[in-house]
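For reference, the structure discussed in these notes is given below.
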Amino acid sequence: MPTANPPIPAGTRIGHVHLKVADLDRALGFYRDVLGFQVKQRYGDQAVFIAAGDYHHHIGLNTWESKGGHPPAPGTTGLFHTAILYPTRAALADALHRVRAAGIPLDGASDHGVSEALYLRDPDQNGVELYWDRPESEWPRDANGEIAMFTKRLDVEDLLKAREV
């Protein structure tokens with residue numbers, strides 16, 4: 001029987017994600033031009049590293065095994081979505097405005113109690129979640145004080161009102 005290991009430290013974070021894409025410039029059209037990530041380093045038409053702010057990279061986009069390729073077929077394993085956490089509701093509202101202005105459809109929009117989230121697809125059909133977390137003091141709790149997340153329809157028009165112009 002395996003020995004129980006202690007839980008991972010609470011301060012642990014996921015530092016970045018690498019996505020296989022078919023066309024680097026097309027992917028940059030979404031992640032840089034629509035969402036606003038900044039290019040940190042580029043390796044020709046093979047890879048680019050992008051970030052929000054001064055971090056070395058939050059997302060790596062590469063064509064090492066996927067140049068000209070197709071998205072995975074439904075019913076196969078792989079990435080469900082990459083989640084991008086925005087610092088405020090206003091910042092998420094701005095992201096929604098950018099996505100709409102680019103004509104990119106949403107797959108869904110949900111209020112999870114602890115967060116509000118938008119779901120869409122990048123040009124390579126990778127799932128992308130754009131979200132912000134409510135302050136922990138506002139998270140729904142059950143009678144035992146445990147987090148009681150839920151999924152309700154998010155009013156995207158109300159979210160847009162939070163946008164700082």
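What follows is calculated from the coordinates using simple rules that are stated; it is not laboratory data. Quantities reported herein were computed from a predicted structural model and do not represent experimental measurements. Every residue, glycine among them, receives a Cβ derived from its backbone with ideal geometry; neighbour counts consider all protein chains shown.
Mind putting a number on the dipole of the stretch 31-99 about its Cα centre? Charges go on the C-beta only, +1 for Lys and Arg and -1 for Asp and Glu, and I need it in Debye to the nearest 20. In debye, rounded to 20, the stretch 31-99 gives about 60.
Distances between placed amide hydrogens fall under 5 Å for Thr82 paired with Gly127, Val128, Glu129, all partners being 5 or more residues away or on another chain. Taking label points 7 Å from Cα along the Cα-to-Cβ direction, His97 and Ser137 give a separation of 2.8 nm. Rounded to the nearest 20 debye, the dipole size of the stretch 1-157 about its Cα centre is 300 debye, using +1 on the Cβ of Lys and Arg and -1 on the Cβ of Asp and Glu. Over the stretch 1-143, the Kirkwood radius and the radius of gyration, each from Cα atoms, give a ratio Rg/Rh of 1.01. A simple rule links phi to the HN-Hα coupling: the Karplus curve 6.51 cos²θ - 1.76 cosθ + 1.60 with θ = phi - 60°, which for the stretch 104-119 gives 8, x, 8, 7, x, 8, 10, 9, 9, x, 7, 7, 10, 9, 10, 10 Hz, with x for Gly and Pro.
Relative to its residue count, the stretch 66-160 spans a Cα convex hull of 132 Å³ per residue.
Annotation: amide H of Arg134 within the under-5 Å range of Ser115, Glu116, sequence separation 5 or more or interchain, hydrogens built in the peptide plane. When the chain is described by a simple charge dipole with +1 on each Lys and Arg Cβ and -1 on each Asp and Glu Cβ, the residue from Thr77, Pro6, Ala117 located farthest towards its positive end is Thr77. In this structure, the amide hydrogen of Asp23, modeled 1.01 Å from its nitrogen in the peptide plane, lies closer than 5 angstrom to those of Gly68, counting only residues at least 5 positions away or on a different chain. Summed over qualifying helices (DSSP H, 4 residues or more, each -39500 (n - 2.57)) and divided by its residue number, the chain shows a 222 nm mean residue ellipticity of -4500 deg cm²/dmol. In sequence order, the stretch 5-18 has phi-based couplings of 8, x, x, 4, x, 4, x, 5, 10, 7, x, 6, 10, 10 Hz under the Karplus curve 6.51 cos²θ - 1.76 cosθ + 1.60, θ = phi - 60°, and Gly or Pro positions carry x. Applying 0.36 nm per residue to the separation of Tyr55 and Lys40 and subtracting their alpha-carbon distance, the gain on full extension is 4.5 nm. Here the 3J(HN,Hα) profile of the stretch 29-35, calculated from phi with Karplus coefficients 6.51, -1.76 and 1.60 at θ = phi - 60°, is x, 8, 5, 8, 6, 8, 7 Hz, Gly and Pro shown as x.
Of all lysines in the structure, those lying under 29 Å Cα to Cα from Lys67, and not within fewer than 8 positions of it along the same chain, are Lys20, Lys40.
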